[in-house]
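Have a look at the structure below before the remarks.
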Amino acid sequence: MSSSHQTPTTTRMFARVLGPFLFIACITAVVRAPDMRALISDFAANALWPWVAGAFVLVGGLIIVALHQHWRGVAAFIVSLFGCLAVLRGVLLIAFPATFISMANSVIDAGALWRVVCIVFA
């Protein structure tokens, strides 16, 4: 398989997973918006949850970064950027859970803004 053919195939495979995931996660967050503050509060109540979630997010991000090192084209850029952001999110959850929880609460405080962003990008 040539390198030029492998790049679009890899991007397409990641997009087939990331697209539905982001769509389902955003729609679910919008529908469950009234529950989000309680969910974050429960998530932060036990130090184990941010660490475990961070570990899984970090592994997922590292898989994307390791297997998708392509930045040409919009789809490839988005997939690669998502991988880098997942690595950052995983590190934040593991190393700085209080900062991550604070950021999540700030997003919830933004209310309608994040719902619009989720709907627009979903």
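Residues of the range 40-62 that are within 18 Å of L22 (Cβ to Cβ) and either among the acidic types (D, E) or out of contact with any helix residue (DSSP H, G or I) (no Cβ under 8 Å at 6 or more places or on another chain) (or both): none at all. For L88, the requirement of being at pLDDT 90 or above and open to solvent by less than 60 Å² (accessible area, probe 1.4 Å) is not met. Set side by side, the residues F14, F23 differ, and just one is at negative phi, open to solvent by 70 Å² or more (accessible area, probe 1.4 Å) and aromatic (F, W, Y), which is F23.
Working only within the range 32-77, note down all residues that are open to solvent by 100 Å² or more (accessible area, probe 1.4 Å) and touching a residue at least 40 places away in the same chain (Cβ under 8 Å). Listed by number, the residues that qualify are R37, W51, L67, R72.
The values are calculated or read from the model by the stated rules, or taken from the named source; none is laboratory data. As the structure is a computational prediction, the values presented were derived from the model and not from experiment. Neighbour counts are summed over all protein chains in view; Cβ atoms, including those assigned to glycine, are modelled from backbone coordinates with ideal geometry. Ligands, DNA and RNA are stripped out before the accessible areas are found, and what is left, the full protein with its side chains, is counted by its heavy atoms. Shrake-Rupley method; radii C 1.70, N 1.55, O 1.52, S 1.80 Å.
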